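Reviewing the structure listed below.
Each reported figure results from applying straightforward, stated rules to the coordinates on display, with no laboratory input. Not measured: the values here are computed from a predicted model. Glycine also receives a Cβ, built like all others from the backbone with ideal geometry; neighbour counts cover every protein chain displayed.
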Amino acid sequence: MPEPILSRNFSKKNAHTLGVYIQGGGYEALKKALTEMKPEQIIQEVDKSGLKGRGGAGFPVGKKWSFIPKEAPKPKYLVINADEGEPGTYKDRPIMECDPHAVVEGAIITCFAVGIHWAGIYVRGEYVKSIERLEGAINEAYAKGYLGKNILETGFDLDMVVHRGAGAYICGEETGLLESFEGKKGQPRMKPPFPAIVGLFQGPTVINNVESIAAIPHIVKNGGEWFNGLGAPGIGGGVKLFPVSGHVKKPGVYELPMGTPLREIIYKHAGGIRGDKKLKAVIPGGASAPVLKPEEIDVPMEYANLAKIGSMMGSGAVIVMDEDTDLVKTLRVLMCFYAHESCGKCTPCREGTGWMAKIIKRIEKGEGESADLDTIVSIANGIRGRTLCPLGDAAVGPALSFVTKFRQEFEDYIKVGAG
Amino acid sequence: MAVAFSEKTKERFKAILAKYPEKGAALLPAMWLAQKEFSVITPEVEEYVAKLLGVPLVRVHEVLTFYTMYAAKPLGKYHLQLCTNISCTLLGAEDILEHLKDKLQIGAGETTPDKKFTLSTVECLGYCGTAPVLQVNDDFHENLTTKKVDELLAKLK
């Protein structure tokens, strides 16, 4: 196994402190970036790295940065999305708890590359320890001269704050997050204008996920080509953290090459199914990714390959369900989640997620009607593509895939009731 | 008497305000300070926070009611928040919920008559690899079983 990169500090003692971080080579990339490289060179390296947004959308990070206008009438901002809330996803939390300086260092380099002087990290309200660790790291970085005025005597200035969310899945959506950052309810904005042009406080804004930002120091230090080469042959794009949960023997966060087959993640790294039972279903990229059947798990875990089979990479969160799993109940849990988290701004999502939740609850109780499954499909198709943000589509993914791929199980429930 | 922050909290608020390019952006942090200081965000507290930041009262009320973590009603001494999302449910969160309801003799969203416990069900808390998980105030209890729940409740005085 190659040396871990993103997870190298997950079990190292006191790695969250500046001293230990520096001992492990921390802030060398910052020095290299600020004193030996031009901003354009950094963006080029990130381009070459093949790094795609680790939050879920998978947009190339270097490209995202290059959309920011060089000259703008308003100040530019970096916002780090640490509102980790996609069910099944728990990969950003260990980065923030065990390696907060990687986030701070990556953020400083990003700001230098894009010409930004104010960065904010939006952390979900429940992640109290992450918030403490990040604030501690930021304070240490200020004291050491890595933040504040004239960083490393280069004339570059940067301030950084941690902003605590307060419980709302929708704030993981980038424009909802911006609204929340500005002290409002987190309802998404209409796009365009995109945040790269009109974002936080109306200024051009880069929004990146924690895992993306934590990869930046490594890319700067070792080069974009090196990072790209860490991905599976022919796929590239570096390494990625895969959080695995559900019915596996060894749940955990696994750092693996982009493009690692899903089967290998489940059976090799996560130890296979608990009690050596059979696999029934697996969600490959967090709750919003359409479910896969056991015959589909040879897919490489990578954006285009998963899209090709009608699912998505999302956050890379693998949720494993064994043969005894009640899929009607599981879909009910997911539909109630989306109905609860829909922000209410767009009618198709606000009403549609609620209807789907109601119907699936009825089926679970044994009161389903024969037309119910077609109604779910019809509602899902009515939501898809008709909302401002991806939450509506996110609810459609599991709804359609569960009822089409496992239709028999749902029909049995309708015919004979539960169990 | 009208509500107001203590001197110490006023200082903390000033320090937070100084970090943001725009005053209104400090609304969520101000609400956190208020919750810590007053436990409950009452209508009087809402008015106080609105004045402090110079934002319309309705905006404070929107924020209070949009987010799930601000308390508009009093909570028990221990707020038990059980994740019932997918990974936790796959590993038995619903049994844990029934057990908690049974032990505490309250339903989800309710507080025990002695004001000691409030029980809530919540969406994914990001502890899916150590499911099921229960958040008790700021602490997380992972890999829960009904036995562990009993031990935990006995410890919470």
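Here, P(r) means the percent of Cα pairs in each 5 Å bin from 0 to the largest distance; for the stretch A:239-322 it is 3, 18, 32, 28, 15, 4, 0. Treating each Cα of chain A as an identical point scatterer and summing with the Debye formula, the log10 of I(q)/I(0) at q = 0.06, 0.07, 0.09 Å⁻¹ comes to -0.25, -0.34, -0.55. Karplus-based coupling profile of the stretch B:143-153, in residue order and whole Hz: 6, 5, 10, 5, 5, 5, 4, 4, 4, 5, 4, with θ = phi - 60° in 6.51 cos²θ - 1.76 cosθ + 1.60 and x standing for Gly or Pro.
Under 17 Å from a label point set 7 Å out along the Cα-to-Cβ vector of residue B:19, the amide N atoms of the stretch A:65-85 belong to A:78-83. Of the residues B:18, B:58, B:31, the one whose Cα sits farthest towards the positive end of the charge dipole of the stretch B:7-66 is B:18 (charges of +1 on Lys and Arg Cβ, -1 on Asp and Glu Cβ, taken about the Cα centre). Pairwise Cα distances in the stretch B:78-155 exceed 20 Å for 19 percent of all pairs.
Run through the DSSP bridge list for the stretch A:18-229 and note the antiparallel percent, rounded to the nearest 5. DSSP beta bridges in the stretch A:18-229 are roughly 15 percent antiparallel. The simple spin-label model puts a point 7 Å past each Cα toward its Cβ; for residue A:157 and residue A:129 those points are separated by 3.7 nm. Rounded to the nearest 500, the helix-only mean residue ellipticity at 222 nm of chain A stands at -12500 deg cm²/dmol, with each DSSP H run of n ≥ 4 adding -39,500 (n - 2.57).
The modelled label-to-label distance between residue A:17 and residue B:95, using points 7 Å beyond Cα along the C-beta direction, is 4.2 nm. Charge dipole (Cα centre; +1 on Lys/Arg Cβ, -1 on Asp/Glu Cβ; no other charges) of the stretch A:327-416 amounts to roughly 220 debye.
DSSP finds beta bridges in the protein assembly as shown, and of those with both partners inside it, around 50 percent are antiparallel. Derived from the Cα gyration tensor, the three semi-axes of the equivalent ellipsoid of the stretch A:295-346 are 24, 19, 8 Å, largest first. Sorted fewest first by neighbouring Cβ atoms within 10 angstrom, B:63, A:318 come out as B:63, A:318. Across the stretch A:18-229, C-alpha contacts under 8 Å between residues 6 or more apart give a mean separation that, scaled by the residue count, equals a relative contact order of 32 percent.
Treating r as the C-beta distance of residue A:225 and residue A:274 and R0 as 45 Å, the FRET efficiency rounds to 0.65. Among beta bridges from DSSP that stay inside chain B, the antiparallel ones total about 55%.
Charges only on Cβ, +1 for Lys and Arg, -1 for Asp and Glu: so what's the dipole of the protein assembly as shown about the Cα centre, in debye to the nearest 20?
Approximately 580 debye in magnitude.
Across chain A, the mean sequence separation of Cα contacts (distance under 8 Å, 6 or more residues apart), normalised by length, yields a relative contact order of 16 percent. If you take the Cα centroid of the stretch A:366-414 and the Cα centroid of the stretch A:215-229, the two points sit 42 Å apart.
Projected onto its three principal axes, the C-alpha set of the stretch A:325-384 covers 32, 21, 16 Å, listed from the longest axis down.
Rg/Rh for chain B stands at 1.05; both radii use Cα atoms, and Rh follows the Kirkwood definition.
Rounded, prolate or oblate: pick one for the stretch A:37-79, where a ≥ b ≥ c are the square roots of the eigenvalues of its C-alpha gyration tensor, a/c under 1.5 means rounded, and failing that, prolate if a/b is larger than b/c, else oblate. Oblate, since a/c reaches 1.5 and b/c is not below a/b.
A cut-off of 5 Å between modelled amide H atoms, ignoring neighbours fewer than 5 places along the same chain, links residue A:248 with A:274.
Any chance you could tell me what percent of the C-alpha pair distances in the stretch B:7-66 go past 14 Å? Summing the P(r) of the stretch B:7-66 above 14 Å gives 50 percent of all pairs. Semi-axis lengths, largest first, of the ellipsoid equivalent to the stretch A:1-147 are 23, 19, 17 Å, with √(5λ) applied to each eigenvalue of the Cα gyration tensor. The simple Förster model, with R0 at 45 Å and r as the Cβ-Cβ distance, assigns residue B:2 and residue B:151 a FRET efficiency of 0.50. Distances over 18 Å make up what percent of all Cα-Cα pairs in the stretch B:62-115? When all Cα pairs of the stretch B:62-115 are counted, 45 percent exceed 18 Å. Under a model in which nothing but the beta-carbon of Lys, Arg (+1) and Asp, Glu (-1) is charged, the stretch B:7-66 shows a dipole of about 280 debye around its Cα centre. Local charge for residue B:8 was computed over the other residues whose Cβ lies under 13 Å away, with Lys and Arg +1 and Asp and Glu -1, and equals +1. Three principal axis extents describe the C-alpha atoms of the stretch A:361-419; from largest down they are 39, 17, 15 Å.
Projecting the Cα positions of A:41, A:10, A:23 onto the charge dipole of the stretch A:1-137 (unit charges on Cβ atoms of Lys, Arg, Asp and Glu, taken about the Cα centre) puts A:41 furthest along the positive direction.
Taking loop as defined by DSSP and a crowding limit of 10 other beta carbons within 10 Å, which trypsin sites (Lys or Arg not before Pro) in the stretch A:236-329 fit? Those that pass, being in a loop and sparsely packed, are A:278. Distance between the modelled labels on residue A:412 and residue A:381, one decimal in nanometres: 2.7 nm (7 Å Cα→Cβ projection).
How do A:37, A:335 rank when sorted from fewest to most other Cβ atoms within 10 Å of their own Cβ?
By the 10 Å Cβ count, ascending, the order reads A:37, A:335.
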